[in-house]
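Undergrad: Encoded as structure tokens, here's the structure I'll be asking about.
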Amino acid sequence: MTDPTGEFSDRIVVVTGASQGIGAATALAFAQAGATVVAGCPALESERHRQAVADWREAAGLSAERVAPITADVSQVEEVTQFYDTVKKHFGRVDVLVNNAGINRDHTLAKMTDEEWRAVLAVNLDGTFFNCRGVLPLIVEKGRIINISSMVAQTGNFGVANYAASKAGILGLTKSLALELAPRGITVNAVCPGFIDTDMTKGIPDDILQGYLERIPLGRAGLPEDVAATVLFLASPGAGYLTGQSLGVNGGLYTGD
Ligand code: NAD
């Protein structure tokens, strides 16, 4: 249920890729804390994703006015422009943007096709850029932008050069934009999840998965809710002096910066 006196009541929060996984958990957590959430859905199989948003919203007992699914392929600049035109028409402003939409197309570099490289950079990095730029005219003073990067941006990993490059690019974008938006009191930060149990990690073969899990000091895979809680912290008033940073949510798997 929603808390009408919640920390984010009267806030307009945009979460891209909000139909499932980390995005759904984050959008739900904001809505339960009182926000009105714009739940971004991809253009591909848009109806299925919009239905998935309706399903988690209804399961949580939230009214349709509190969670608005809006479609845009984040890799297509025209669609992102249209997305923010729609957000402006219906809500007039944005308080928080969470750039969460992302894909992976794993292969070792020797076998990686141009299409796999470009597709991942287009959704993960171009998509984050298009959304950051698109939200600028709408985001309020002291607004928040939170970009979902990845632990592999910090460590690299076997077979994910395209994904790691896109997520490392997000860190550079985050730091630069933090400096550009600081005069408006807007903070820009990144979250670097480690191994989180979602559809994205479901395809990992069992033996490799077991190896990953054994190396996690906190002894379990992360949950989408673990990431959502960190995103809500970064959007909270208490995090107002924190900008240009990346926070690892990885169970201790990587303890560097
Ligand atoms: P997921 O596959 O369950 O969710 C990805 C979301 O992105 C979906 O809602 C999907 O509809 C959306 N999306 C994909 N392409 C899109 C497009 N072109 N336009 C708009 N939306 C699009 O995976 P997840 O694990 O929930 O991933 C969420 C984010 O977290 C991603 O950016 C991912 O890279 C990142 N991440 C995940 C993990 C992990 O272990 N699961 C670790 C580090 C980072």
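Read the figures in this text as sums done on the coordinates, not as results from a lab. Since we're looking at a predicted model, the values are computed, not measured. Here Cβ is always computed from backbone atoms with ideal geometry, including for glycine, and neighbour counts include all displayed protein chains.
Undergrad: Sort 119-127, 238-246 for me by packing, meaning the mean count of neighbouring Cβ atoms within 10 Å per residue, highest on top.
TA: Those peptides, ordered most packed to least, come out 119-127, 238-246.
Undergrad: State the extension gain, in nm to one decimal, for the chain segment bounded by Leu242 and Arg66, taking 0.36 nm per residue of separation less the distance between their alpha-carbons.
TA: So the chain would gain 60.6 nm between Leu242 and Arg66.
Undergrad: Now, a different point. When all alpha-carbon pairs of the chain are counted, what percent fall beyond 35 Å?
TA: 10
Undergrad: A further question on this structure: Counting pairs of alpha carbon atoms under 8 Å apart in space and at least six apart in sequence, what relative contact order in percent does the chain give?
TA: 18
Undergrad: So which GluC sites (Glu not before Pro) in region 22-78 are both in a DSSP loop and have at most 16 other Cβ atoms within 10 Å of their Cβ?
TA: Taking region 22-78 and a limit of 16 other Cβ atoms within 10 Å, the loop GluC sites (Glu not before Pro) found are Glu45.
Undergrad: Here's another thing I want to ask about it. Hey, what angle do you get for helix 224-235 against the long axis of the chain, alpha-carbon based, 0 to 90 degrees rounded to 10?
TA: Between helix and principal axis, roughly 50 degrees.
Undergrad: Moving to a separate point now. Looking only at trypsin sites (Lys or Arg not before Pro) in DSSP loops with at most 16 other Cβ atoms within 10 Å, what is the longest site-free stretch of the chain?
TA: Segment 106-214 is the longest.
Undergrad: According to a simple spin-label model (label point 7 Å from Cα along Cα-to-Cβ), what is the distance in nm between Arg93 and Tyr212?
TA: Distance between label points: 4.0 nm.
Undergrad: Search the structure for amide H atoms under 5 Å from the amide H of Leu97, placed 1.01 Å from N in the peptide plane, and list their residues when 5 or more places away or on another chain.
TA: Val14, Arg144, Ile145, Ile146
Undergrad: Once you order the gyration tensor axes a ≥ b ≥ c over the Cα atoms, which shape class does region 177-245 get: rounded for a/c under 1.5, otherwise prolate or oblate by comparing a/b with b/c?
TA: Prolate, because a/c is 1.5 or more and a/b exceeds b/c.
Undergrad: Also, quick follow-up: In region 110-168, which chymotrypsin sites (Phe, Trp or Tyr not before Pro) are in a loop and have at most 13 other Cβ atoms within 10 Å, using DSSP for the loop call?
TA: Phe158
Undergrad: Now, a different point. List the pairs from Lys89/Lys202; Lys111/Lys202; Lys88/Lys202; Lys88/Lys175; Lys111/Lys175; Lys88/Lys142 whose alpha-carbon separation is above 29 Å, in the order I gave them.
TA: Lys89/Lys202; Lys88/Lys202; Lys111/Lys175
Undergrad: To the nearest 20 debye, what is the magnitude of the charge dipole of the chain about its Cα centre, counting +1 on the Cβ of each Lys and Arg and -1 on the Cβ of each Asp and Glu?
TA: The calculated dipole for the chain is roughly 560 debye.
Undergrad: Roughly how many Å is it from the Cα centre of region 104-169 to that of region 173-227, as a whole number?
TA: Each part's Cα centre sits 12 Å from the other's.
Undergrad: If you take the beta carbon distance between Ser9 and Ser176 as r and set R0 to 25 Å, what does 1/(1 + (r/R0)^6) give as a FRET efficiency, to the nearest 0.05?
TA: 0.20
Undergrad: Local charge sum around Val94 (other residues, Cβ-Cβ under 11 Å, Lys/Arg +1, Asp/Glu -1)?
TA: Value of the local net charge: +3.
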